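For reference, the structure is listed below as structure tokens.
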Amino acid sequence: MESSIFRFILRHSRRQQVLLLVITLASFPFLYASLELPKKIVNEAISGKNIPAEMFGVPLDQVRYLLILSGLFLALVVVNGWFKYQINTMKGRLGERMLRRLRYELYVRILRFPLPRFRKVSSGELIPMITAEVEPLGGFIGDAIALPVFQGGTLLVYLAFIFMQDPVLGAAAVSLYPFQGWLIPRLQRKVNQLGKQRVRTMRQISDRIGETVAGIGEVHTHDTSAWHKADLAHRLGDVYDIRFEIYQRKFFIKFLNNFINQLTPFFFYAIGGYLVIKGQLSFGALVAVLAAYKDLASPWKELLDWYQLKEDTRIKYEQVVEQFQVPDLLDDRLLEEDPAGDIRITGRLALDHVQFGEETGAKPLDDVSGEIELDRHTAVVAVGAGGEELAQIVARVLLPTAGRIRLNGEDYLCLPESVTGRRVAYVGSSPYLFSAPLFENLVYGLRHRPLRPDPDADPARRKRRTAEAQMSGNTDRDIRADWIDYEAAGCTGPEDLVERIRDVLRLVDLDADVYSFGLNRTVDPQRRPDVAARVLAAREAVTDLLTDPKMGQLVERFDPERFNTNATVAENLLFGTPVGSAFATDTLAENPYMLHVLDKTGLSERFLDAGRRVAETMLELFSGLPQGHEFFERFSFIGFAELPEYQAILAHAGKDGLDRLRPDERTRLMSLPFKVIPARHRLGLLDDKAIARLLEARRVFARDLPADLRGAVEFFDPRVYNAAATIQDNILFGKLVYGQAQVQVRVGRMMAKLVDDLQLRELIVEVGLDHPVGVGGSRLTSAQRQKAALARALLKNPDLLVLGDATSSLDSASEARVHAAIRKHRQGRGLLWVVHRAGHARSFDRVIVLNGGRVAEEGRSVELDKPGTLLHELMGAD
Amino acid sequence: MSINEEVACLRKIPLFANIETSKLKLLAFTSERVTFDPGDTLFEQDEMGNCAYIILSGEADVVVRTPTGPVTVATLGPSEVVGEIAILCDVPRTATVMAHSHLHVLCISKDLFFRIMTEFPQIAVEIMRVLANRLEKTTSRLREVLSERAA
């Protein structure tokens, strides 16, 4: 990577810079003409002097001449504007392309960092470097060459003009330039240093913020928020101090510059004036020189500003780039090379004096030699460190600091990742999942290169994007293409891939989890009519099952003609699922259409009265509890903070009557009954008459619903799939009945049986694959994360599977199942497993025992497991 | 049954006799009401428990396993509490309880019970009094048995 920004600019944009310069210079005559023409209009056309008799053979009078010149002026305005527009666009585009190139190059560098580098540099530092810190560079790059050349040229022209008028005055005009040219960089140097310091401090701050986010649990566990606040405040204070000093110096430089610029006219007036008085200089010449000097000030100022910006940008560039100049960067060939032919990782892997660790301090791996047979299962038992490192080195995730590894005699460490990353799979103890649906995470290991172009792509747009990417040195691989290597997974296309994923999920014991994800997901019936149809069939089957009174009492189904006492009043009124915020339960009392329906059915006053009763009960129950008590969250309709407001509303209602409440008070009271679930809250609010009216309101609500609100609610219709409800709710089409013993377990059992009878499970698992796993997989449990990572590794059918402590979060029953399944699945293929309980090594073909990073014992497990060996001792200790 | 009827039922329980209505209402509101059909099991002997039951209506049988088979040792009716020992100290259920008839109970979880007690010390004092009474009764019963033996 170029060490200075000018080298970077020259290397990647020389042609555009020259072009920019040429166009800038080409614009110059027009600019000059547009300054010259007004003079001509005033002096000649308007005052009527020197009017040419004819132009291009056309005879002229004064008015015609004026019109022609004015027209010319207008044309020049347009031409100048056009030049400016073109130049600015070119500059912007050039800057943006260069910025894109720089960011891309920096990102590629991150991908090429050797893994141990990430122990020293955090994402909190790297991210702002690539995003925010380089941002101002784009603006500068367009100006990098054209501006100094243009302004410098202008300056020279003016200077030449002054010198031609009078060499002495010319010398006077520039007399202070050398001094300025010497002084300013000197002053600037200190500002530069401060600027560097500021960037460093800001980086530390973003690192700290990143750490706070990552370790937020620890902050709360140990009551260290005050410490963190003080730490950040201290660092912000440092930034303030640095910034303040920069301001002082920067503005001092400005002050000095202005002073010096004003000093020159002093010389003109004093010396020039003296010369005029003495008759050695004509008065006209002095005025001309003064005017020229005034014009001089602007380019000179631009040049100085450019210098300051250049310095600023230079430092930013150097400071960012130096962080990415890492000595043992991975060879780009390892990442990009795509050797022809099918290279398999089979045979033998020979480790020869492999060592890993920092130069000073303990080495997790020291002088490890041995052979790994890639058609057998090898267990690694490590006493102390070294197990995970060995696994990562064998998986080629980590490169050893010394020693060699040979695959059937060939250098294993030189194989590109297109071989090792596809033929070897590794799962460690805390695998990373990307913030995407589970499916994307599972097929992640199959995405190496774009394989089939995006069928929906617009070819013209695609062509433009590709060309643009190439111009910025970016990759032109299309992210929207189909990258999934179905063949590698042993499939032919998307259809059987899902089938294969289901097999793998079963293998790693994740299928039940994904099934329950699926039950709780919504499906768009337009996109998946097959799912909708089968779910509706299941709903039908539930109807049959519920005719058994034993089961029937567990679920209260949605019946258009009946009030559902186990659903909220709001759900009963909408008789559907709200989509978006228009009919959200919390704000129903503010919804004009809902209020209209209540009015029309004569329910408004009843709602108000019910609201009063709910509020009274809530105040009675919860007003004695302290703030933040979990009952407010779990049980109360009214939060702690709102209690006094409701108290005031009730007092007002008690004094003046409910009908005298202010509109906002009415809204507050009326919002309460919507949340009531009669069977659960048992507040006795609704009698039969009220229920009859509610059913009437339900009908009116649906009948009169305006077209623009039609999309805001998905009605419960026994024959229609509800796109806003989960699959489970669609099947059940009702509410679990409150107060039935073990209702969830019993209904869950009924559902499970039904799903199996109708062979729906596979479909639901498929839907469950859309479950988003959250940031870093945070929406999965750690056991689910490990299982998902195992599934991801198995899906790509590796020749060699390397496992670290990959099942540590699983419960022991599940762990045993997964162990057995993986061993069986990998029969006859390479498996290296770093086991954390020596007993697990017993069934493996070979065992390597590491002690303090060195091989203590190695051999067939039956031979090693004898009294007197370390392995035997370790197995006994389990 | 509305919450007010549940409160009336709680009021009849000696443990709650002296507690304000609003507190009883909170207890009723925050605990779950569960229905059991005749023959359904509330809990099994020897399993660990995490809630106590207050019978609102219906009857429940307390059944103890003996070498000769299960024996019903008591039948409980409305306003009686069952399973409270298991939530006060972590011991397994000492008997199986089954619904004798159609049974409505209020299920008070251990977590909720302790929360209510820390929030309203008067309930804790009341419980202490009841437990102390029981202890006193047990002690005097023991004394009687011992003196009978000595005699």
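Just so it is clear, none of the values below were taken in a lab; they were calculated from the coordinates. Since the model is a prediction, treat every value here as computed from it, not as a measurement. Every residue, glycine among them, receives a Cβ derived from its backbone with ideal geometry; neighbour counts consider all protein chains shown.
Just to confirm the number: angle between the C-alpha axis of helix A:812-825 and the first principal axis of chain A, 0 to 90 degrees, nearest 10?
Approximately 80 degrees, to the nearest ten.
Out of all DSSP beta bridges with both ends in the protein assembly as shown, state the antiparallel percent to the nearest 5.
That works out to approximately 75 percent antiparallel.
Can you give the extra length, in nm with one decimal, that the chain gains between A:Val862 and A:Phe28 once fully stretched, where that is 0.36 nm per residue apart less the Cα-Cα distance? Let's see the in-between values first.
Details: separation 834, 0.36 × 834 = 300.24 nm, distance 8.88 nm.
Length gained between A:Val862 and A:Phe28: 291.4 nm.
Round to the nearest 10 and give me the degree value, 0 to 90, for the angle of helix A:529-545's Cα axis relative to the longest principal axis of chain A.
It is inclined by approximately 30 degrees.
Listing A:Ile501, A:Ile205 from the residue with the fewest other Cβ atoms within 10 Å to the one with the most, what is the order?
Values: A:Ile501 24, A:Ile205 19.
Ordered from fewest to most neighbouring Cβ atoms within 10 Å, A:Ile501, A:Ile205 come out as A:Ile205, A:Ile501.
Checking the cross-link filter: which aspartates and glutamates have an alpha carbon closer than 17 Å to that of A:Lys753, excluding same-chain neighbours under 8 positions apart?
Straight-distance partners of A:Lys753: A:Asp511, A:Asp513, A:Glu540, A:Asp544, A:Asp548, A:Asp729, A:Glu762.
Return a single number: how many Lys pairs in the stretch B:3-150, at a sequence separation of 8 or more or on separate chains, have alpha-carbon atoms below 21 angstrom apart. Mind showing how you got there, number by number?
Details: B:Lys12/B:Lys23; B:Lys12/B:Lys25; B:Lys23/B:Lys110; B:Lys25/B:Lys110.
Going through the stretch B:3-150 pair by pair, I get 4.
Compute the distance from the alpha-carbon center of the stretch A:622-697 to that of the stretch B:24-38, in whole Å.
Their Cα centres are 21 Å away from one another.
By how many nm would the segment from A:Phe56 to A:Arg333 grow when fully extended, if each residue of separation counts as 0.36 nm and the alpha-carbon distance is taken off?
Numbers: separation 277, 0.36 × 277 = 99.72 nm, distance 6.74 nm.
Taking A:Phe56 through A:Arg333 to full extension adds about 93.0 nm, to one decimal.
In whole angstrom, note down how far apart the Cα centers of the stretch A:115-151 and the stretch B:86-151 are.
The two parts, judged by their Cα centres, are 72 Å apart.
Using r as the Cβ-Cβ distance of A:Thr667 and B:Glu5, and R0 as 35 Å, what FRET efficiency do you calculate, to the nearest 0.05? Kindly include the intermediate steps, with their values, before the conclusion.
Numbers: r = 32 Å, r/R0 = 0.91.
Result of the calculation: an efficiency of 0.65.
Do any chymotrypsin sites (Phe, Trp or Tyr not before Pro) in the stretch A:152-221 lie in a loop, going by DSSP, with at most 15 other beta-carbon atoms within 10 Å of their beta carbon, and if so which?
none
What list of whole percents do you get for P(r) of the stretch B:3-150, with Cα-Cα distances grouped in 5 Å bins up to the one holding the largest distance?
Reading the bins upward from 0: 2, 9, 16, 20, 20, 16, 9, 5, 3, 1, 0.
Output the 0 to 90 degree angle, nearest 10, between the alpha-carbon long axis of helix A:5-40 and the longest principal axis computed from the alpha carbons of chain A.
Orientation of helix A:5-40: about 50 degrees from the principal axis.
Within 10 Å of each residue's Cβ, count the other Cβ atoms and sort A:Thr781, A:Thr401, A:Thr601 from fewest upward. Numbers along the way, then the final one.
Working: A:Thr781 12, A:Thr401 17, A:Thr601 20.
Going from sparsest to densest Cβ surroundings: A:Thr781, A:Thr401, A:Thr601.
Can you give me the Kirkwood hydrodynamic radius for the stretch A:567-715, using every pair of distinct Cα atoms, in Å to one decimal? Could you put the intermediate results ahead of the total?
On the way: mean 1/r = 0.0626 Å⁻¹.
When all Cα pairs of the stretch A:567-715 are included, the Kirkwood radius is 16.0 Å.
Give me A:Arg634, A:Arg447 ranked fewest to most by other Cβ atoms within 10 Å of their Cβ, as a rough exposure proxy.
Numbers: A:Arg634 9, A:Arg447 15.
Listing A:Arg634, A:Arg447 from fewest to most nearby Cβ atoms yields A:Arg634, A:Arg447.
Per DSSP H run of at least 4 residues, take -39500 (n - 2.57); add these up for the protein assembly as shown, divide by its residues and hand me the 222 nm value, nearest 500 deg cm²/dmol.
Numbers: 40 runs with 562 residues, N = 1029.
Value at 222 nm, helices only, nearest 500: -17500 deg cm²/dmol.
Once phi is turned into ³J(HN,Hα) by the Karplus curve 6.51 cos²θ - 1.76 cosθ + 1.60 with θ = phi - 60°, what whole-Hz value does each residue of the stretch A:749-756 show in order, with x for glycine and proline?
5, 4, 4, 4, 5, 4, 4, 5
Can you tell me the mean projection area, over all orientations, of the convex hull of chain A's alpha carbons? Units nm², please.
59.1 nm²
Per the Kirkwood formula on distinct C-alpha pairs, the Rh of the stretch A:341-440 is how many angstrom?
On the way: mean 1/r = 0.0674 Å⁻¹.
Roughly 14.8 Å, rounded to one decimal.
Taking every eigenvalue of the Cα gyration tensor of the stretch A:145-327, multiplying by 5 and rooting it, what semi-axes result, largest first, whole Å?
Equivalent-ellipsoid dimensions as semi-axes: 52, 17, 11 Å.
If I model a spin label as a point 7 Å beyond the Cα along the Cα-Cβ vector, how far apart are those points for A:Thr543 and A:Asn520 in nm?
Rounded to a tenth, the inter-label distance reads 2.9 nm.
Students often get this wrong, so check it: of A:Lys49/A:Lys301; A:Lys250/A:Lys294; A:Lys84/A:Lys301, which have C-alpha atoms separated by over 27 Å? If you can, show how the numbers build up before the last one.
Details: A:Lys49/A:Lys301 38 Å; A:Lys250/A:Lys294 24 Å; A:Lys84/A:Lys301 20 Å.
Pairs exceeding the cut-off: A:Lys49/A:Lys301.
What shape does the stretch A:749-878 take by its C-alpha gyration tensor, where a ≥ b ≥ c are the square roots of the eigenvalues and a/c under 1.5 counts as rounded, a/b above b/c as prolate, and the rest as oblate? Working shown, then result.
Details: a/c = 2.43, a/b = 2.23, b/c = 1.09.
It is prolate, given that a/c is not under 1.5 and a/b is the larger ratio.
So, R0 is 30 Å and r is the distance between the beta-carbons of A:Gln759 and A:Thr492; what FRET efficiency does that work out to, to 0.05?
0.85
For A:Ile209 and A:Arg842 in the same chain, what is the full-extension length gain: residue separation times 0.36 nm, less their Cα-Cα distance, in nm? Each step should come with its number before you reach the end.
Details: separation 633, 0.36 × 633 = 227.88 nm, distance 4.67 nm.
Here the segment from A:Ile209 to A:Arg842 would lengthen by 223.2 nm.
For the stretch A:820-842 and the stretch A:362-409, compute the distance between their C-alpha centroids and round to whole Å.
Value for the Cα centre distance between the two parts: 16 Å.
Over all residues in B:19-29, what is the mean tally of Cβ atoms on other chains that come within 10 Å of each residue's Cβ? All intermediate terms of the calculation are to be shown ahead of the outcome.
Numbers: counts 0, 1, 1, 7, 3, 0, 3, 7, 1, 2, 12.
Across the residues of B:19-29, the mean count of other-chain Cβ atoms within 10 Å is 3.
Find which of A:Leu94, A:Leu334, A:Thr565 sits farthest along the positive direction of the dipole of the protein assembly as shown, computed with +1 on the beta-carbon of Lys and Arg, -1 on that of Asp and Glu, about the Cα centre.
Of A:Leu94, A:Leu334, A:Thr565, it is A:Leu94.
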